[in-house]
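A.B. asks: Pasting a structure here, questions to come.
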Amino acid sequence: MNPITRLLVFAAVAAVIIWVWSYIYTKRTGKPFIVIDSGKSESTSPKASRIEGDQVTLEQLQGEWRMLECGKRGRFAPIEEIALANVRMLIDGTNLLMVDSGEKDAISLDESTFPTEFDQVDDDGAVTRGIARFLDGQLELCQADAGKPRPSDFSRARSNPNTVVRFTRI
């Protein structure tokens, strides 16, 4: 048998052995033997991603907050411009007031989830759904546009249509 034929036979036998082994492994464990990475850096499954940070409660949100960062689809406003704008948020009970614009909304939290899920309802009844966490002592929110599904993570990728905002307590 010439070397090329020998190599092809070896490769075929190895492929069959790997296929049989993966079939047996999958049947016994219920898990795939081989997982092929799609090359994407982000998980498309919220359960697969590990979200860091701490739980947020309504009690912890009370008071005044200053915006540090804001962005959407991977594009974030320059930090200097946000500092100059001095955007502040005041939370009193379930009332949220954007101090500079005067926008008033009602908020509700589901403190049994992590990250904490919240709904923000404006005067017209439009609901904005989001998630919240404390990360490194700062409040981080990720919100969908009104009427859209709640985000599942705090992704800053261009593919993420949600707004990510970070605040510090004043």
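The values are calculated or read from the model by the stated rules, or taken from the named source; none is laboratory data. Remember, it's a predicted structure, so these values are computed and weren't measured experimentally. Every residue, glycine as well, gets a Cβ built from its backbone with ideal geometry; the counts of neighbours run over all protein chains shown. Please note that ligands, DNA and RNA were not included when accessible areas were found on the heavy atoms of the full protein model with its side chains. Shrake-Rupley method; radii C 1.70, N 1.55, O 1.52, S 1.80 Å.
A.B. asks: With the condition kept exactly as written, say whether any residue in segment 120-129 is in contact with a Leu (Cβ under 8 Å, 6 or more places away or on another chain) and modelled with pLDDT of 90 or more.
C.D. replies: yes
A.B. asks: Go through segment 1-52 and report how many residues are under 23 Å from the mean Cα position of the chain (by Cα), open to solvent by 100 Å² or more (accessible area, probe 1.4 Å) and modelled with pLDDT of 75 or more.
C.D. replies: Qualifying residue count for the region: 1.
A.B. asks: Being more than 14 Å from Val165 (Cβ to Cβ) and touching a strand residue (DSSP E or B) at 6+ places or on another chain (Cβ under 9 Å) is the filter; apply it to segment 54-72 and report the residue that is most open to solvent (accessible area, probe 1.4 Å).
C.D. replies: Pass one, segment 54-72, residues more than 14 Å from Val165 (Cβ to Cβ): 54-55, 57-60, 62-64.
Now drop any that are not touching a strand residue (DSSP E or B) at 6+ places or on another chain (Cβ under 9 Å), which leaves 54-55, 57-58, 60, 62-64.
On the way: Asp54: 98, Gln55: 59, Thr57: 39, Leu58: 45, Gln60: 75, Gln62: 58, Gly63: 24, Glu64: 56 Å².
Out of the qualifying residues, it is Asp54.
A.B. asks: Then there's this: Just to verify a result, which residue in segment 97-118, among those that are among the hydroxyl-bearing types (Ser, Thr, Tyr) and part of a strand (DSSP E or B), is most open to solvent (accessible area, probe 1.4 Å)?
C.D. replies: Per the criteria, the residue is Ser108.
A.B. asks: Taking only segment 72-111 into account, find how many residues are of a type in the set (Gly, Ala, Ser) and at pLDDT 95 or above.
C.D. replies: Initially, segment 72-111 is screened for residues of a type in the set (Gly, Ala, Ser), giving 74, 77, 83, 85, 93, 101-102, 106, 108.
Still in the running and at pLDDT 95 or above: 93, 106, 108.
Residues flagged as of a type in the set (Gly, Ala, Ser) and at pLDDT 95 or above within segment 72-111 amount to 3.
A.B. asks: Could you say which residue among Leu68, Leu84 is among the hydrophobic types (A, V, I, L, M, F, W, C) and more than 25 Å from Ile51 (Cα to Cα)?
C.D. replies: Details: Leu68 fails: more than 25 Å from Ile51 (Cα to Cα).
It is Leu84.
A.B. asks: Just the residues that are open to solvent by less than 90 Å² (accessible area, probe 1.4 Å), closer than 24 Å to Arg158 by Cβ and assigned to a strand (DSSP E or B), please, taken from segment 73-96.
C.D. replies: Residue satisfying the conditions is Phe76 alone.
A.B. asks: Looking at segment 101-114, I want the residues that are under 18 Å from Asp54 (Cβ atoms) and have a partner that is part of a strand (DSSP E or B) with Cβ atoms under 6 Å, at least 6 apart or on another chain. Which pairs are those?
C.D. replies: Leu109/Thr116; Leu109/Phe118; Asp110/Glu117
A.B. asks: Please verify whether segment 103-115 includes one or more residues that are closer than 23 Å to Thr57 by Cβ and in contact with a Lys or Arg (Cβ under 7 Å, 6 or more places away or on another chain).
C.D. replies: yes
A.B. asks: Right, another one. Would you tally the residues in segment 119-160 being in contact (Cβ under 8 Å) with a residue 40 or more places away in the chain and surrounded by 14 or more Cβ atoms within 10 Å (Cβ to Cβ)? Let's see the steps before the verdict.
C.D. replies: Within segment 119-160, the first condition is being in contact (Cβ under 8 Å) with a residue 40 or more places away in the chain, and the residues that meet it are 132-135, 138-140, 152-160.
If we keep only those that are surrounded by 14 or more Cβ atoms within 10 Å (Cβ to Cβ) too, we end up with 132-135, 138-140, 152-156, 160.
The total comes to 13.
A.B. asks: What residue, of Leu84, Leu90, Leu97, is within 19 Å of Gly63 (Cα to Cα) and out of contact with any Lys or Arg (no Cβ under 7 Å at 6 or more places or on another chain)?
C.D. replies: Within the list Leu84, Leu90, Leu97, the selection yields Leu90.
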